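Visitor: Quick one: this structure, given as structure tokens, is what I'll be asking you about.
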Amino acid sequence: MENVFDTLKERGFIEQATHENEIREMLGKEKVTFYIGFDPTADSLHVGHFVQLMAMAHLQRAGHRPIFLLGAGTAMIGDPSGRTDMRQMMPLETINHNGRCFIEQTKRFIDFSEGKAIMENNANWLLDLNYVSFIREIGRHFPVNRMLAAECFKNRMEKGLSFLEFNYMIMQAYDFLELFRKYNCRMQLGGDDQWSNIIAGADLIRRIESETAYGMTFTLLTTSEGNKMGKTQSGAIWLDADKTSPFEFYQYWRNVADTDVKNCLSLLTFLPMDEVDRLSSLKDAEINKAKETLAFEVTKLVHGEEEAKRADKAAKALFGEGALGGSVPSTKIPEDEFIDGMDIITLLSRVELIPSRGEGRRLIQQGGISINDDKITDIGTLITLDFFKDGTLMIRKGKKTYHQVLLLND
């Protein structure tokens, strides 16, 4: 049986490791308990988290035991890693709500039955700590000069780093120690922006428990140009269907650059690597078949096979390949609002395709808006009932964003 370390390496997950040879040997000969932490700073996971969930799933399939650590305690502080400013402080009620959303989404990817995985929450030990006892027992192991040299802090020194955030590394390191003591968790994984925090935790275990702990980071999801993937003009690509519809989710992956197809297939699907290599080697128009496979497989994992089929059907319908499916984002508007006509900019604003009327005017003047495949060039266009076909009107913004308007009868 192939070592899962080799699987992760071949698929492009692994960026850094504290002890590469030892980790590979350990993963090949014993059942390893490992953890990844997720701070619930929003009410949905996004595609950046998805890479880590996929790595966690690969490890679980190979027989290892994941701990999904919900960071409700650390979310009270905010991770400074990769940020240019301080996170907005959130009340505990909001953090707990977000955490419940994370938990439900994670169950789609990780099997928590029969002790196969553990769900933990660092609020269970962080929120009731005695501060003086904590800094005496834990804080004394963190030289300030070494902390300031870490990337997560160094990048913030010019713009300002609060003492609140300065505690984050110590708290995350303490999480690793707590999980080591409670579950014999020997390895922490995370995105590459977590490297400083991960090695701080491994070092803390070495200092206090005189034991070796391991850390490994995964590549961040980026384009071939090095830009972060997972964002559009309208914001992040979420795993929650109410925040990013299955159709929008499917379309995002269907429209990735040709040069990004192999990386996405490797990291975000379970397709065998020989199939990944075959698909990503397709050229010219044929590469679109690979993109359709990518979009379908990723949407199936996140939203289920039925939603993936609907999104695929809807996408093909928009390009004249079949009957329209039900996955295109839509808004219902009362029929009587169109009797005398609704101006096009008001309609675009109503369905949240534009942030302002000024942006609507600019888009129309630049030829970026079509109704039922007819380009709208006049900002004074009135949308009346004549524009609807069987109670439906299709708006296209740019080349890739679609939105249906459905007539609502009283």
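Visitor: Go through segment 263-311 and report how many residues are assigned to a loop (DSSP other than H, G, I, E, B) and either touching a Lys or Arg at 6+ places or on another chain (Cβ under 7 Å) or outside the structural domain of residue 245 (by TED's automatic domain parsing) (or both). Let's see the steps before the verdict.
Guide: The initial filter retains those residues of segment 263-311 that are assigned to a loop (DSSP other than H, G, I, E, B), namely 269-272, 281-283, 304.
Then drop every residue that is not either touching a Lys or Arg at 6+ places or on another chain (Cβ under 7 Å) or outside the structural domain of residue 245 (by TED's automatic domain parsing) (or both), which leaves 282.
Going through segment 263-311 one residue at a time, the tally reaches 1.
Visitor: Within segment 250-289, count every residue that is within 21 Å of residue 7 (Cα to Cα) and among the small types (Gly, Ala, Ser). Before the answer, list the steps.
Guide: First pass over segment 250-289, keeping only residues within 21 Å of residue 7 (Cα to Cα): 260-281.
Next cut, among the small types (Gly, Ala, Ser) only: 266, 280-281.
The total comes to 3.
Visitor: Give me the pairs, please: first residue somewhere in segment 139-152 and charged (D, E, K, R) and part of a helix (DSSP H, G or I), second residue anywhere and surrounded by 14 or more Cβ atoms within 10 Å (Cβ to Cβ) and at pLDDT below 80, beta-carbon distance under 8 Å, and either six or more positions apart or on two chains.
Guide: 151/81
Visitor: Right, another one. Which ones in segment 345-366 are farther than 17 Å from residue 251 by Cβ and in contact with a strand residue (DSSP E or B) (Cβ under 6 Å, 6 or more places away or on another chain)?
Guide: Answer for segment 345-366, where residues must be farther than 17 Å from residue 251 by Cβ and in contact with a strand residue (DSSP E or B) (Cβ under 6 Å, 6 or more places away or on another chain): 347, 363.
Visitor: Separate question: Whether any residue in segment 230-247 is part of a helix (DSSP H, G or I) and touching a residue at least 40 places away in the same chain (Cβ under 8 Å) is what I want to check. If you could, list the steps in order and put the result at the bottom.
Guide: Applying the first criterion (part of a helix (DSSP H, G or I)) to segment 230-247 yields 246-247.
The next check asks that each one be touching a residue at least 40 places away in the same chain (Cβ under 8 Å); those that pass are 246-247.
Yes, some residue in segment 230-247 is part of a helix (DSSP H, G or I) and touching a residue at least 40 places away in the same chain (Cβ under 8 Å).
Visitor: Sticking with this one: Could you list all residues from segment 382-403 that are part of a strand (DSSP E or B), more than 12 Å from residue 370 (Cα to Cα) and polar (S, T, N, Q)?
Guide: Across segment 382-403, the qualifying residue is only 392.
Visitor: Look through segment 164-184, keep the residues that are modelled with pLDDT under 85 and hydrophobic (A, V, I, L, M, F, W, C), and return whichever of them is farthest from residue 77 (Cα to Cα).
Guide: 166
Visitor: Return the only residue of 129, 161 being at pLDDT below 90 and not in a helix (DSSP H, G or I).
Guide: Numbers: 129 fails: at pLDDT below 90.
161 is the lone residue from the list that is at pLDDT below 90 and not in a helix (DSSP H, G or I).
Visitor: State yes or no: is residue 218 modelled with pLDDT under 90 and in contact with a helix residue (DSSP H, G or I) (Cβ under 6 Å, 6 or more places away or on another chain)?
Guide: On the way: modelled with pLDDT under 90: no; in contact with a helix residue (DSSP H, G or I) (Cβ under 6 Å, 6 or more places away or on another chain): yes.
Judged against the criteria, residue 218 is not a match.
Visitor: Among the residues of segment 45-62, is there at least one that is modelled with pLDDT of 95 or more, surrounded by fewer than 20 Cβ atoms within 10 Å (Cβ to Cβ) and more than 15 Å from residue 108 (Cα to Cα)?
Guide: So far as segment 45-62 goes, yes, one or more of its residues are modelled with pLDDT of 95 or more, surrounded by fewer than 20 Cβ atoms within 10 Å (Cβ to Cβ) and more than 15 Å from residue 108 (Cα to Cα).
Visitor: A further question on this structure: So which of 343, 410, 373 ends up being charged (D, E, K, R) and at pLDDT 90 or above? Quick ask: steps written out before the conclusion?
Guide: On the way: 410 fails: at pLDDT 90 or above; 373 fails: at pLDDT 90 or above.
Matching residue, one of 343, 410, 373: 343.
Visitor: Ok, one more. Just checking, which of 6, 43 is among the acidic types (Asp, Glu) and assigned to a loop (DSSP other than H, G, I, E, B)?
Guide: Values: 6 fails: assigned to a loop (DSSP other than H, G, I, E, B).
Being among the acidic types (Asp, Glu) and assigned to a loop (DSSP other than H, G, I, E, B) holds for just one of 6, 43, which is 43.
Visitor: Are any residues in segment 93-116 outside any helix (DSSP H, G or I), out of contact with any helix residue (DSSP H, G or I) (no Cβ under 7 Å at 6 or more places or on another chain) and aromatic (Phe, Trp, Tyr), and if so, which ones?
Guide: 112
Visitor: Let me ask another. What single numbered condition from (1) over 30 Å from residue 356 (Cα atoms); (2) buried (at least 17 other Cβ atoms within 10 Å of the Cβ) fails to hold for residue 247?
Guide: It is condition (1) that residue 247 fails.
Visitor: Moving to a separate point now. Being surrounded by 14 or more Cβ atoms within 10 Å (Cβ to Cβ), under 17 Å from residue 298 (Cα atoms), touching a strand residue (DSSP E or B) at 6+ places or on another chain (Cβ under 6 Å) and not assigned by TED's automatic domain parsing to the domain that holds residue 12 is the requirement here; does residue 223 meet it? Full working, then the answer.
Guide: Working: surrounded by 14 or more Cβ atoms within 10 Å (Cβ to Cβ): yes; under 17 Å from residue 298 (Cα atoms): yes; touching a strand residue (DSSP E or B) at 6+ places or on another chain (Cβ under 6 Å): no; not assigned by TED's automatic domain parsing to the domain that holds residue 12: yes.
No; evaluated as a whole, the condition is false for this residue.
Visitor: Then there's this: If residue 323 passes every condition in (1) part of a loop (DSSP other than H, G, I, E, B); (2) at pLDDT 90 or above; (3) over 19 Å from the mean Cα position of the chain (by Cα) but one, which one does it miss?
Guide: Checking residue 323 against (1) part of a loop (DSSP other than H, G, I, E, B); (2) at pLDDT 90 or above; (3) over 19 Å from the mean Cα position of the chain (by Cα), the one that fails is (2).
The values are calculated or read from the model by the stated rules, or taken from the named source; none is laboratory data. Because the structure is predicted, anything quoted here is derived from the model rather than measured. Glycine also receives a Cβ, built like all others from the backbone with ideal geometry; neighbour counts cover every protein chain displayed.
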